[in-house]
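Derivation of every value follows stated rules applied to the coordinates shown; laboratory data play no part. Here the structure is a predicted model, which means the values were calculated and not measured. Please note: Cβ atoms are built from the backbone with ideal geometry, for glycine as well, and neighbour counts cover all protein chains shown.
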Amino acid sequence: MPMSWHTMLEFEPPLVACVVSNRNFTFRALKATKECVINIPTVELAKKVVACGTPPAATSTSSRPSNSRQSPPPRVQAPLIAECYANLECKVVDTRAVPKYCLFVLEVLQAWIDPATKHPRTIHHRGKGVFMVAGKTIRLRSSKP
């Protein structure tokens, strides 16, 4: 699902806020179906990700990479993309900020990861064709027990 911005809102139940342009298919699909899968790709899929985010025709009805393996998720109708490191099956639970900010609140119903990928280098869109690759992991001690 191409989105402009997303963040965790809550852990229980797991909630994600996402901003989706009201000019694309994903926005219309979220409003109509009230569900989606957030597919989290690794750097190896970068070219496919860009291709699915910028379809050649404005009337495209697909937001998944071409030649991708799709697995039907058990909780929602939207497809998982098997090549992605992680997939989050979601349902829309709050649309109050959609008219003003194009912001949907989603509840994550099921999360999937590829257990074979030990150190995923996931990519994250920063806007205007710029992506960040997740890098070095650091561990910091918490001051709370």
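Numbers at a glance
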item: Burial ranking of peptide ranges 94-104, 129-139, 74-84 (average Cβ count within 10 Å, highest at the top); result: 74-84, 94-104, 129-139
item: Amide proton proximity set for Arg121, modelled H, under 5 Å, gap of 5+; result: Val43
item: Inverse of mean 1/r across different Cα pairs in segment 103-145, Kirkwood, Å; result: 14.3 Å
item: Separation of alpha-carbon centers, segment 68-145 and segment 1-53, rounded to whole Å; result: 8 Å
item: Exceeding the 28 Å Cα-Cα cut-off - candidates Lys100/Lys128; Lys48/Lys100; Lys47/Lys136; result: Lys48/Lys100
item: Phi to ³J(HN,Hα) by Karplus 6.51 cos²θ - 1.76 cosθ + 1.60 over segment 36-41, Hz, x for Gly, Pro; result: 6, 10, 8, 9, 10, x
